[in-house]
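First comes the structure, then the notes that go with it.
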Amino acid sequence: MVGFLIGMYIEYAGSEDAQPRPEQTYRQAPPTDFSRHLLILIAAVMNADGSAMRSELELVKRMLVRTYGEQRAAHLLLILREMLKEKQEVTFVSRQIRGEMAYSQRLELLHILFRISRADSDINPSELQLLQHIASQMGITTPDFLSLRAMFVSSPDSDYKILDVNTNADEEEVKKAYRKMAMRFHPDRLLGLSDNEKKAAEEKFLSVQKAYENIKRKRGWS
């Protein structure tokens, strides 16, 4: 997922192709380097509950290795470890990303941060609060944030939140919401995107599909 985001972000991260020198610290990294901004948000999310979990770090490591390869990933992980020691400028970075990335790309970035937060099988209130702040500063709408949150945080009305409908919505309203969300995320409609982008959309599509089936079953609809 990180790989396709970097691909979409190529104009913003013009310096991304340049390999950093081993002795270069994260403070010396170009301020427009997308990998730096990505690591800042990752570090903030990992620290949101007071400590970075090994499960979170392992997930990030796998993502970086798939994207950059072993050598580059090892360097970025060193930068991340330094960032974890300090408080990060989340608001500034999120607003900068808002001005440089398309809405769908920002939504995918938030999806990645949710995945990292849940790497330890739980997303606590402090992590949710930070994710909501990041979403707000990146310009993610409240319905989209709630829909994405419901994919990771279970609640009695999660299925309804995923489809962005009220719990008292009738069958026609639910069906209409499902069709709208399914059309939005169906991989077959994302022509011209990379395989990773389609895979990410498919994951959301399956969540939407599952939510719809759950509601139908609970309400006794055919």
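Bear in mind that the values in this text are calculations on the coordinates, not laboratory data. This structure is a prediction, so every number in the text was calculated from the model and none was measured. Cβ placement follows ideal geometry from the backbone for every residue including glycine, while neighbour counts extend to all protein chains displayed.
Some observations on this one:
- Förster-model FRET efficiency, 22 Å R0, M53 and Y103, C-beta, rounded to 0.05: 0.15
- If R0 equals 25 Å, the separation of the Cβ atoms of N124 and K210 corresponds to a calculated FRET efficiency of about 0.55.
- In straight-distance terms, cross-link reach from K87 covers every one of the lysines whose alpha-carbon lies under 24 Å from its own, apart from those fewer than eight places away in the same chain; here that gives K61.
- Centroid-to-centroid, using Cα positions, the stretch 145-180 and the stretch 55-133 are 26 Å apart.
- Gained length - R184 relative to S136, 0.36 nm times residue gap less alpha-carbon distance: 15.2 nm
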